[in-house]
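Down below is the structure, laid out as structure tokens.
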Amino acid sequence: MDGSNGNQVKATQTSLRILEEVQSRNGVGLAELADDIDLAKSTIHNHLMTLLNAGYIIKDDDEYRVGLKLLHLGEQARHRSPRHLLAKQHVNTLASEINEEVDFTMEEYGRMISIYHAAKEGRETNLQSGSYFYMHNNAAGKATLAHLPRSRVDDIVDQWGLPANTEHTITSRERLNEELSKIREQGYATNDQELIEGFCAISMIAEMPEGGIFGALSVGGPMYRINSEQQLIVDRLEQQIEALEADLVAESYPKENWWQPFRQLSPGELSRSHTRE
């Protein structure tokens, strides 16, 4: 890579870093960004103007905030596959059946991201679609880790660590490995106040027809309700996972050829068939 390309890559990385800082703060001024990012105000201002002109951020008085263009891009990513819409249907179905919040998450670059989230009207929720999570401190992440190769789990922990959100969060590899073994044995994962105090969740993964993990379906809510309804939630989750996986198989089948096994053979084909016999 020559020097000019290297400078362009570095400039792009700086712009993305600034964009992520703006997003994480829900509004931030130039001076605050300069203090935290340790770059000259003029440099940060140039990057902000580039992002502003491209529509990725907006300026609200003296503060910068993310723009709705990111929502547009996010929706395109979320709907890039018909399989994602199948997940949405099952999230809504489960949310209508059970009086708790329901979430479908997928692993990307070693973290979990909420793809679809639903809850009954009036029910207070702790999550929203588009939220990122570490994988060790929530039921969906642990359910996913339990079905990944050990080497991949080690890579994720090396990259992101095991930071504590509450006093209940797993923060050691040994304890995490014990938890993942338990999840594989019982078929589902739990989050016992490991992400948010007083919040618990139960999760199971859905697998793709061709193999591999599609995502994780979770039910979460206050500790006293989730613990008292655990078996019911596990049963409902299992039903929805089975239905989702069946829909994934149906979606994957080449629809233009669905009739081939049942169509009537032509006389020539019948003749060839008898000849082979």
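Bear in mind these aren't lab numbers, they're just calculated from the coordinates by the rules spelled out. Just so we're clear, the structure is a prediction, and the values are computed from it rather than from any experiment. Cβ placement follows ideal geometry from the backbone for every residue including glycine, while neighbour counts extend to all protein chains displayed.
About the Cα centre of region 179-252, what is the dipole size in debye to 20, counting +1 per Lys and Arg Cβ and -1 per Asp and Glu Cβ, all else neutral?
220 debye
Using R₀ = 35 Å, calculate the FRET efficiency as 1/(1 + (r/R₀)^6) where r is the Cβ-Cβ separation of Asp61 and Asn227; round to 0.05.
Details: r = 46 Å, r/R0 = 1.32.
That gives a FRET efficiency of 0.15.
Can you give the percent of C-alpha pairs in region 97-220 whose distance is more than 17 Å?
53 percent
Once phi is turned into θ = phi - 60°, what whole-Hz ³J(HN,Hα) does the Karplus curve with 6.51, -1.76 and 1.60 give for every residue of region 134-141, x standing for Gly and Pro?
Calculated HN-Hα couplings, in order: 5, 9, 8, 10, 8, 5, 5, x Hz.
Which cross-chain or sequence-distant (5 or more) residues have an amide H under 5 Å from the amide H of Ile57, H modelled 1.01 Å from N in plane?
Leu52, Gly67
Describe numerically, in nm with one decimal, the distance between label points set 7 Å from Cα along Cα→Cβ at Ala31 and at Arg184.
Going from the Ala31 label point to the Arg184 one covers 5.5 nm.
Would you mind checking which residues have amide H under 5 Å from Gly29's amide H? H placed 1.01 Å from N; only 5 or more apart, or other chain.
Tyr64
Kindly write out, for region 207-216 in residue order, the coupling ³J(HN,Hα) from the Karplus curve 6.51 cos²θ - 1.76 cosθ + 1.60 (θ = phi - 60°), rounded to whole Hz, with x marking Gly and Pro.
With the stated coefficients, region 207-216 comes to 9, 7, x, 7, x, x, 8, 7, x, 10 Hz.
If packing is taken as the average count of other Cβ atoms within 10 Å, what order do 188-201, 227-240, 27-40 fall into, highest mean first?
So the peptides 188-201, 227-240, 27-40, ranked by packing, come out 188-201, 227-240, 27-40.
Cross-link partners among lysines for Lys69, C-alpha distance below 26 Å, same-chain residues fewer than 8 apart left out?
The reachable lysines, counting only those whose Cα sits under 26 Å from Lys69, are Lys10, Lys41, Lys59, Lys88.
Provide the packing ranking of 204-212, 135-143, 147-155, i.e. peptides ordered by the mean count of other C-beta atoms within 10 Å per residue, highest first. Spell out each step's value before the answer.
Working: 204-212: 15.1, 135-143: 27.1, 147-155: 13.3.
With the highest mean Cβ count within 10 Å placed first, the list reads 135-143, 204-212, 147-155.
Could you list which residues have their amide H under 5 Å from that of Gly215, counting only those 5 or more apart in sequence or on another chain, with H placed in the peptide plane?
Correct list: Ala206.
Step through the residues of region 12-18 one at a time and calculate ³J(HN,Hα) from phi using the Karplus curve (6.51 cos²θ - 1.76 cosθ + 1.60, θ = phi - 60°), rounding each to whole Hz and writing x for Gly and Pro.
Each residue's phi maps through the Karplus curve to give 5, 4, 5, 4, 5, 5, 5 Hz.
For Ala11 and Leu85, what is the calculated FRET efficiency with R₀ set at 35 Å and r taken between the beta-carbons, to the nearest 0.05?
Working: r = 37 Å, r/R0 = 1.05.
My answer for the efficiency is 0.40.
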